[in-house]
Amino acid sequence: MSTDYNNMWKELGLDLDAHNALLEVLNQGYKDIYLSQENRPKSMEYFDFVMSEVHGLRIKELVDAKKEGKKVIGSYCVFVPEELIIAAGGISVGLCAGADFALEEVENYIPRNTCSLVKSAIGFKLGKVCPYLECADLVVGENTCDGKKKAYETLSEMIDDFYVMDLPQIKNNTGKELFSKEIKRFAEKLEELTGNEITADSLKKGIEIVNNKRKALYRLENLRQEKILPISGLDALLINQISFYDDPLRFTDSVNKLCDELEERIKSENSAYPSKRKRILMSGCPMAVPNWKVPFITESLDAVIVGEESCIGERGLRNPVENNSDNRSDLIENIIQRYFKIDCAVFTPNKERKDHILEMAKKYKADGVILYGLNFCQPYTIEAFSLEKELEKNNLPAIKIETDYSQEDMGQLQTRIEAFVEMI
Ligand code: BJ8
């Protein structure tokens, strides 16, 4: 990190020793997994820089914005509309954590057989190592799976302004009504927190900013559908992960610049890989920074990840919000419509997700699908059984992988994924 941020971290209440230990692991992992890749696009330099300053410069920007009266809103789920946060003059940051921390202590609060993502969220709070969490004026949790729902009861005792958004489980009229009320209640909460009224104009602006961000990311996703692969799956995943932290305007600009370069690389047949690789679609639980384990193993083999059916991927990106009205209620309704379409496995039934995976496999010319689930995540690991059968019916080989954030199963995963890649 280029500057000394110790005072800032101290003021945020971080445990400096624990935080330094986390940064060391993060930096080493980044070096080994990311910087060791060959023939990366030059424009990845921006994203490398963001990662090198992920707890430094970006946090300083947030702290400076807070001094000017802006509010930072942290969230754990893609059901929390960034458009509303921007429309209220706030800054949205993703809080999903992708690394184990303070595991022993975590297990004093929630059982061992809880998914790594939930354990990590609690571990980051207990260990005082996440500056995004400590910087947030409001932390939003959403009632999705039981693990998250119950863990929020625990987290709400540790975090001052913790807000829970209720979510339906079925996409029918009753579910839609509840969702609609919850989005409106959240809009009121944001107005109260920021002191800013959410108007039609501010909503239009918020929708435009987020749509442009998603459009740039979609541009990147489209380029990954080409036969010549201009970028690795690891790099594409990283960009999707960074989209949850970075300033949205600067990020959009940087993704578009990268896409300009990738288009040139495709034209000149400059692939990120010297030889043809098996094309893999990754589908399932979201992979938050620095959860790069399965993509790293996969791409160390004769394979490349061409797309992610995940909240840190297409599930979180698709369906722009219609920005076709000057009326506040219409725009809020458009936000509701868009977010209600998210096909998270917590919904039942969830046919949309199956259709989307099949559609993605075709679009990305996938040779096989990894159905990725975190241990103890019932929604995704249960859906994986029927999805595997459905994919096979469609002549698409699939493998179910269940893992966590530890490194203990690296060898076993490597063997299974290698056999899968050879088989396809
Ligand atoms: S919209 S996927 S971000 S809930 S892995 S905590 S489901 S037990 S993360 Fe998610 Fe929102 Fe859905 Fe996306 Fe529970 Fe499973 Fe853990 Fe999970």
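The values are calculated or read from the model by the stated rules, or taken from the named source; none is laboratory data. Since the model is a prediction, treat every value here as computed from it, not as a measurement. As a convention, Cβ positions derive from the backbone with ideal geometry for all residues, glycine included, and neighbour counts pool all protein chains shown.
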Can you tell me how many residues within region 158-183 are acidic (D, E), over 12 Å from F340 (Cβ atoms) and out of contact with any Phe, Trp or Tyr (no Cβ under 9 Å at 6 or more places or on another chain)? 2
Name the pairs whose Cβ atoms lie under 9 Å apart, with the first residue in region 142-161 and more than 22 Å from R112 (Cβ to Cβ), the second of a type in the set (S, T, N, Q) and buried (at least 19 other Cβ atoms within 10 Å of the Cβ), and 6 or more positions between them or separate chains? E142/S75
More than 26 Å from V80 (Cβ to Cβ), touching a residue at least 40 places away in the same chain (Cβ under 8 Å) and of a type outside the set (F, W, Y) - does that describe any residue in region 238-256? no
Within region 146-156, does at least one residue satisfy the condition of being more than 14 Å from the ligand (Cβ to nearest atom) and part of a helix (DSSP H, G or I)? yes
Restricting region 317-358 to residues that are farther than 23 Å from E83 by Cα and not in a loop (DSSP other than H, G, I, E, B), the residue that is nearest to the ligand (Cβ to nearest atom): R353
Would you confirm, using the coordinates I've provided, whether I231 is touching a residue at least 12 places away in the same chain (Cβ under 8 Å), surrounded by fewer than 21 Cβ atoms within 10 Å (Cβ to Cβ) and away from the ligand (no atom under 16 Å from the Cβ)? no
Just to be sure before I move on: is K171 at pLDDT 95 or above and assigned to a loop (DSSP other than H, G, I, E, B) in the structure I sent? yes
Count of region 70-125 residues which are closer than 27 Å to S180 by Cβ, at pLDDT 95 or above, assigned to a loop (DSSP other than H, G, I, E, B) and within 16 Å of the ligand (Cβ to nearest atom): 7
Residue satisfying all of: in region 372-424; assigned to a helix (DSSP H, G or I), farther than 18 Å from G284 by Cα and of a type in the set (A, V, I, L, M, F, W, C); nearest to the ligand (Cβ to nearest atom) among these: M410
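Being more than 18 Å from E299 (Cα to Cα) and crowded, with 16+ Cβ neighbours inside 10 Å narrows it down to one of K363, K351, so name that one.
K363
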Within region 285-316, the residues that are surrounded by fewer than 23 Cβ atoms within 10 Å (Cβ to Cβ), assigned to a loop (DSSP other than H, G, I, E, B) and not hydrophobic (A, V, I, L, M, F, W, C) are P290, D302, S310
Quick one: count up the residues across region 272-291 that are more than 17 Å from R224 (Cβ to Cβ) and not aliphatic (A, V, I, L, M). 7
What about V118, is it surrounded by 20 or more Cβ atoms within 10 Å (Cβ to Cβ), farther than 18 Å from S243 by Cβ and among the β-branched types (V, I, T)? yes
Any hit, region 44-52, residues being at pLDDT 95 or above, over 20 Å from the mean Cα position of the chain (by Cα), surrounded by fewer than 17 Cβ atoms within 10 Å (Cβ to Cβ) and within 30 Å of K204 (Cα to Cα): no
Is there any pair linking a residue in region 311-340 that is modelled with pLDDT of 95 or more to one that is among the aromatic types (F, W, Y), with Cβ under 7 Å and at least six apart or on different chains, and which? L317/Y218; I336/F179; Y339/F79; F340/F179
Would a scan of region 275-294 turn up a residue that is more than 19 Å from the chain's Cα centre (by Cα) and at pLDDT below 95? yes
